[in-house]
Structure formats: structure tokens, C-alpha cells
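So the structure is just underneath, and the comments pick up after that.
The values are calculated or read from the model by the stated rules, or taken from the named source; none is laboratory data. Please read these numbers as outputs of a predicted model, since none were measured by experiment. So basically every Cβ, Gly included, is an ideal-geometry build from the backbone, and we count neighbours across all protein chains shown. These accessible areas exclude ligands, DNA and RNA; they are computed on the full protein's heavy atoms, side chains included. Shrake-Rupley method; radii C 1.70, N 1.55, O 1.52, S 1.80 Å.
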Amino acid sequence: MQFANIQEARDFLDQHPEVRSFELILIDANGVPRGKLLHRDELLAIYENGRPLPSSILALTIRGEDVEDTGLVWEVADADCWTYPLPGSLTLQSWRATPTGQLQVSMHPTQGLPASPADPRHVLVRAIDRLKADGYHPVMAVELEFYLLDKNRDANGQPQPAVQMNGVRPAAPQVYGVYELEQLQPFLDDLYAACEVQGLPVRTAISEYAPGQLELTLEHRFDALQAVDEGVRYKRLVKGVANKHGLQACFMAKPFGDRAGSGLHMHVSLADAEGNNLYASEDPYGTPLLRHSIGGMMASLLDSLAIFCPNANSFRRFQANSYAPLAKSWGVNNRTVSFRVPGGPAKSRHIEHRICGADANPYLAAAAILAGIHRGIREQLDPGEAITGNGYAQAKEFLPTDWLTALRALESSEWAKEALGEDFLKVFLAIKQEEYRQFMGEVGEQDWRWYLTHA
């Protein structure tokens, strides 16, 4: 595990004398940033000696409640566990009214015990390291859809798309509408500016298939860990910029029952140590390595579905003719399947994993994807025939559409214990099972408005 050098902090303080406070964030099992707001005078000590955070910070539900069954609360006396800053994560939150810095930390593998095995970033690091040990360097890009909502609910207490610059609240999808993007220019201008400040490679903006729904693409990275780190920080940034504009950025998988869901699409390929794409092929169906990779993701799909779809709401996204997948399927240049091989030149050949909801933790989703790919390569798994045409009409092996089935599949999976780590899995399952009990009990569906903020 590589942590940042103190010179990074010294340089930042010299360059930014106006910054008096820093947001320190650690990403928990649900992908929620948690941490502290620190004074400027505390920064160097974090880089020199780390910063303790309670073990329970990685044992929280989406509502921020302790889950005792994780083993990270009372039985370990809610012990201090040391975190250290990640290289390149020290930056500015340019959307804040008061100059504020931001740094991301991760648990130290040994000083962070007993919480370190539950750090989602560690799970991804292990998956990447295993592939690299076999000569495969994962290349990834993170693609997140979200809704831009009004902070005020409608007369029935329901969420509603934000009012545009022209004073109109959008009601039609207007997918790929450029006028719709123009109406959001102040928000988008600030978003792009904030991304530039933080070094996030945000590119194309798209008006998606619902009023108020957007997607901005992030450039792929040869370093998969860097790509996912940037995806996590981008999500934090989008919420911050939206808040500055009096809006709410919502990454729920399905905030509206009658409108498109929001996905987390992960683009992945494998390269050699020199960066040559090992999926590259003039054949649009790719190399045998690409097909084995899809076969592995298919074989591990049910076992990892609770990672890709971590909440009850996640499963509402799976609807026919909705641009969300329904079945264990793959195809070329086909958006009706779960695993899409986009068109384009041979050197760009890669796989788009389309199953995750936007509420998935990017670290865990990427780890499960890469572990599935590794399985497919090791076992030389065949994905079967590619779907041509309408994948919804040809669906056979349907994905489960309920949370409990996915949780039980993950709990009983020997593959997941090996791929994701038994200690991590114990914590993750304890958290999600507690959330499931709450959802089925006293909390139920009436708590969804709170979840809009934290997804």
C-alpha cells in the first residue's frame, strides 16, 4: 500500500496560504465519504504520523449507524485505527464558500487493524495485484449517471427535477438534448472547473434518458486504481457543486419508478506492462482473452450481484427496454446486454460492464469485476454466443430482482470469500443484512428520502 510523502503537504500549504481547513475522507462499505474537518495546523502531522479513526467508521449502515455484528464496534472497544493520506489526493474543494482542502485517506494494513481488512480500497488493491502477478494490467474508466434534483419536494413529497435556467421544470426525457445541457450551463461550468482543479479527467456531458438526468464521462486510466480513486472523488465533487447551486445530485439507482435508472458503467480492458491492449483485435468480437474475461464475469455474476446492486432500490432498475440489463448476456455494440463490447478501432477494444447501479461502491464493484475476469482467464471460461439484436427479447438467464436473493448468494459464495477476502465479506454482509432488516422492519420504504442524499 503506497501512501503520500509529506513533501506533498508542505508544497500544498506553501501554495495555498488561504486554506484554513481540510476535509479528510475515508470511503466506507457503502461508498459514503466519512471523516473529519481538520484545521490547517493538523495537516503535516497526518502525513508524518497518520490519523486515527475509530474502527466503527467501517462498520456503518447507509444511515450512519453502528453494526455490532461486524466485530468492529464494542468487542474491539471501538479502537483507534491509523489511516494515512493517499498520493495525489490533496486538493481544493473549489465549490466551498470558504477556501477548503480535501485529502483522502486509507487504512494502514497493520496500524489500521482491526479495521483495515474492511477498507473497500484494500479489496480493489488485492484484485489488481493478483492480475498484475499474472502479467495483466487492468485499464479502467468509471462512468456515473445521476439526477440533478430540486432540494424541495413536490406537493406530494416526491423528488422532482431541478428547474432549468429558463424557469421550466423538465418533464420529457430529451435524451442527448443539447438545449437541456445549455440550461444547466452554470452548474456544468462550475463542475468542469472543479474537476480541473482536482485533476479529474472529466470529458463529455450527456443529457440522459430522463428529465434532469446527466452523465459525464471520465477518461480511462492505465492504472485501474487511479481510475476508481478519481471516480470516487468525482462523485464527492458532483454533490458539492450541486449543493453550491442549491441543487441535489442523486446517485440512487432508481429514484423514479417510471423513469430511467442511473447506472455505474465500468469500462475495462487488460494491457501488458508496456500498455499494449491485450483485447485488441480487428475482430469486433475480440480476442480469446476478452471472451474468457466475459465468461468469468458471467460465472461470478450472481455471487457478486449484492456488490453491484447493494440496496433494495438497486433492483428496481432492472426493467425491460430501460437501457438497464436483465440477463446474463453479452454482445457487440449492443446496449441491451449486461456485458457490451463497444465498437471502434482494434486498439480500443474493451468491455463495458453495465450491471452496477450508481449506488454501488466503485472500489468494490471494480474489485468484483476484476476478480471475475481473473477467474475467467484462469479457467478459460466460454461466455457462449453473443446476443445480436434485442437482448431483452432474447433474455434467458435473468438476473434476480430482489435484494435478499443477492445477499444469500454472496454469503454462500466460496469464490467471493477468496476473491474479496473473508474478513471483508464478514463486515460487508453484516452491514447489508442489518440494512435489509431495517428495510423490512421499522424503517421500510418511508426512509427513502434520506437515502436520496447519501446514495
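Assorted remarks:
- Radius ratio Rg over Rh of the stretch 158-201, counting only Cα atoms, Kirkwood formula for Rh: 1.06
- Area accessible to solvent at Met252, 1.4 Å probe radius, in Å²: 10
- Cα convex hull of the chain - mean projected area over all directions, nm²: 21.4
- Once the C-beta distance of Asp272 and Trp415 is scaled by a Förster radius of 30 Å, the resulting FRET efficiency is 0.70 to the nearest 0.05.
- Listed residue (Gly257, Gln213, Gly246) projecting farthest to the positive dipole end of the stretch 208-260, Cβ model: Gly246
- To the nearest 10, the accessible area of Lys151 is 90 Å² with a 1.4 Å probe.
- Carbon/sulfur fraction of accessible area - the stretch 80-233, other protein chains in place, 1.4 Å, %: 51
- Relative contact order for the stretch 90-162, counting Cα pairs under 8 Å that sit 6 or more residues apart, in percent: 13
- Here the mean projected area of the convex hull built on the C-alpha positions of the stretch 1-95 is 7.0 nm².
- Note on surface exposure: Arg96, Arg317 rank Arg96, Arg317 by accessible area, highest first, 1.4 Å probe.
- Calculated [θ] (222 nm, deg cm²/dmol) that DSSP helices of n ≥ 4 give over the chain, each run adding -39,500 (n - 2.57): -10500 deg cm²/dmol
- For the residues Arg169, Arg378, a 1.4 Å probe over the protein chains yields an accessible-area ranking, largest first, of Arg378, Arg169.
- At a probe radius of 1.4 angstrom, the accessible area of the stretch 50-134 per residue rounds to 37 square angstrom.
- Within the assembled protein chains, the solvent-accessible surface assigned to Leu407 is about 10 Å², based on a 1.4 Å probe.
- Mean separation of Cα contacts under 8 Å, 6 or more apart, over the residue count of the stretch 27-72: relative contact order %: 38
- For the stretch 206-300, the Cβ-based charge dipole about the Cα centre amounts to some 660 debye (Lys, Arg positive; Asp, Glu negative; other atoms uncharged).
- At full extension, Arg437 and Arg63 could sit 133.3 nm farther apart than now, given 0.36 nm per residue minus the alpha carbon distance.
- Per residue, the accessible area of the stretch 1-42 comes to 50 Å² when a 1.4 Å probe rolls over the protein heavy atoms.
- Binned Cα-Cα distance frequencies in the stretch 47-140 - 5 Å width, integer %: 3, 13, 16, 17, 17, 16, 12, 6, 1, 0
- Computed with the Debye formula from one identical point scatterer per Cα of the stretch 291-365, without solvent, the log10 of I(q)/I(0) at q = 0.15, 0.24 Å⁻¹ comes to -0.52, -1.19.
- The distance from the alpha carbon centre of the stretch 135-211 to that of the stretch 400-429 is 33 Å, rounded to a whole number.
- Summary value for the stretch 299-455: 29 percent relative contact order, contacts being C-alpha pairs under 8 angstrom separated by 6+ residues.
- Share of carbon and sulfur in the accessible heavy-atom surface of the stretch 1-57 [1.4 Å probe, %]: 45
- Cα gyration tensor, the stretch 177-313 - rounded (a/c under 1.5), prolate or oblate: prolate
- Alpha-carbon geometry of the stretch 320-424: the Rg and the Dmax are 14.8, 43 Å, given in that order.
- Charge dipole of the chain (Cα centre as origin; +1 on each Lys and Arg Cβ, -1 on each Asp and Glu Cβ, all else neutral): 760 debye, rounded to the nearest 20.
- Pairwise alpha-carbon distances in the stretch 152-233 exceed 16 Å for 59% of all pairs.
- Mean shadow area of the stretch 241-315, taken as a quarter of the surface of its Cα convex hull (nm²): 8.7
- Relative to one another, the C-alpha centroids of the stretch 216-241 and the stretch 291-326 are positioned 21 Å apart.
- FRET efficiency estimate (nearest 0.05) - Cβ-Cβ, Ala77 to Ala205, R0 41 angstrom: 0.30
- Potential lengthening of the chain between Asn321 and Gln111 amounts to 70.7 nm, from the contour at 0.36 nm per residue minus the alpha-carbon distance.
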